[in-house]
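Input: a single structure, listed below in C-alpha cells.
The values are calculated or read from the model by the stated rules, or taken from the named source; none is laboratory data. Keep in mind it's a predicted model, so treat the numbers as computed, not measured. Please note: Cβ atoms are built from the backbone with ideal geometry, for glycine as well, and neighbour counts cover all protein chains shown. The area values use the complete protein model at the heavy-atom level, side chains included, leaving out ligands, DNA and RNA. Shrake-Rupley method; radii C 1.70, N 1.55, O 1.52, S 1.80 Å.
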2 protein chains.
Amino acid sequence: MDIFLETVSALNDETRIKLLFFLDTHGALCVCDLQESFGMIQSRLSRHLKILKDGGFLRVDRCGTWAYYSIRNPLDRFRSEALAEIRCLGIELPPLIKHSQTGDCKL
Amino acid sequence: MDIFLETVSALNDETRIKLLFFLDTHGALCVCDLQESFGMIQSRLSRHLKILKDGGFLRVDRCGTWAYYSIRNPLDRFRSEALAEIRCLGIELPPLIKHSQTGDCKL
DNA sequence: CCATAACATCAACATATCTTGATATATTAT
DNA sequence: ATAATATATCAAGATATGTTGATGTTATGG
C-alpha cells in the first residue's frame, strides 16, 4: 500500500511529469543539464528527481561529480502504463541545453 | 495534463484506494452503506467519492434519496491498470454492512 | 405541510507538500 | 592545499489537501 502510494504521489506533480517525459525523450541527463533546460534552481530539481527515483521511475548513474538520471528499464506494468499515458498528453517540453561535458564517463 | 493529474491525485490517498477496492469487491453501494462499513462520517466519504468520480474511476446512480457509487465500466487502460495494481496490494477491507433498503430501485 | 433521511457543500482547522535560499559533501582542477 | 563545480539536504515560508462539524438541498413518508 505504502509503496503504491509512493509511486502514485511521484506522479502527482506537474514538474515531475515533465521531467519524466523529458528524460524519456532525451535519455540520461545530469541535474545541471535539467537545470539549464528547465530554468529551475538545482535544489528543486534534485528533490523532484529523488522523489521520481524513490517512486521507481528513475535510476541514477553517478560519474565523478555528475549524477545522470534516466528512466529505469525495464519499468513494471503500472509505471510503463503511466509513462505511456504521459506521452499522450501533448506536453510541450523546453529545448534541451547540454551544459555538462561527459568526458570519459561511460554511460 | 490537468486531466491526468486529476486522475493521479484521485489515487493519491489511502482512504480512496480502500474505497475503490471496496466498490470493486462489492459492486454498487450508497454512501450510507460505506459510512456504516468504514465507520467514517458522511461528509468525509462524500468528498472522497466525488474526487474518485471526477478522477474517472466511479459512476453514480441516483435513486430517490440514495446515491449508488460503483466502478465505472469500462475503465480505460491506465485506470484499469491502477485498479489491477490495487487488487494486488493485499488490503484488508472492513466487513460490508448494508444499511440501505433499495426497495424498487433498478440497479 | 412537517419531519426525517440521504447526500452535498462550506468554513475552519490540521497536516502534508512544494519552493526557495542557505549550507553541507564530494569530486575535480590549479 | 585551495578553489570551483555538481549535487544533496535542511529550515522556513507558501500553498494544497484532508478532516470535521455545521448548514443546504432534495426526496420520502406521515
Taking Cα atoms, the helix A:14-26 axis meets the longest principal axis of chain A at an angle in degrees (rounded to 10) of 60 degrees
Over the whole of B:72-79, what's the average partner chain Cβ count within 10 Å per residue? Rounded to a whole number, please. 2
Run lengths n ≥ 4 of DSSP H only: what is the helix-derived mean residue ellipticity at 222 nm for the protein assembly as shown, with -39500 (n - 2.57) per run over all residues, to the nearest 500? -15500 deg cm²/dmol
Percent of all alpha-carbon pairs of the protein assembly as shown at distances over 25 Å, whole number, is 47 percent
Report the accessible surface area buried between chains A and B, summing both sides, using a 1.4 Å probe on protein heavy atoms only, in Å² rounded to the nearest 100. 1900 Å²
Taking the label point 7 Å from Cα along the Cα-Cβ vector, the copy-to-copy distances for residue B:84, listed from shortest in nm with one decimal, are 0.9
Would you tell me the mean number of C-beta atoms belonging to other protein chains that fall within 10 Å of each C-beta in A:2-13, as a whole number? 5
How do B:28-39, B:53-64 rank on mean C-beta neighbours within 10 Å, highest first? B:28-39, B:53-64
Nearest 10 degrees, 0 to 90: helix A:77-87 Cα axis against chain A principal axis: 70 degrees
Using only Cα atoms and rounding to the nearest 10 degrees, what angle (0 to 90) does helix A:42-54 make with the longest principal axis of chain A? 50 degrees
Expressed per residue, the solvent accessible area of segment A:2-87 in Å² (1.4 Å probe) is about 46 Å²
Under the √(5λ) rule applied to the eigenvalues of the Cα gyration tensor, what semi-axes describe the equivalent ellipsoid of segment B:2-87? Give them in Å, descending. 20, 13, 13
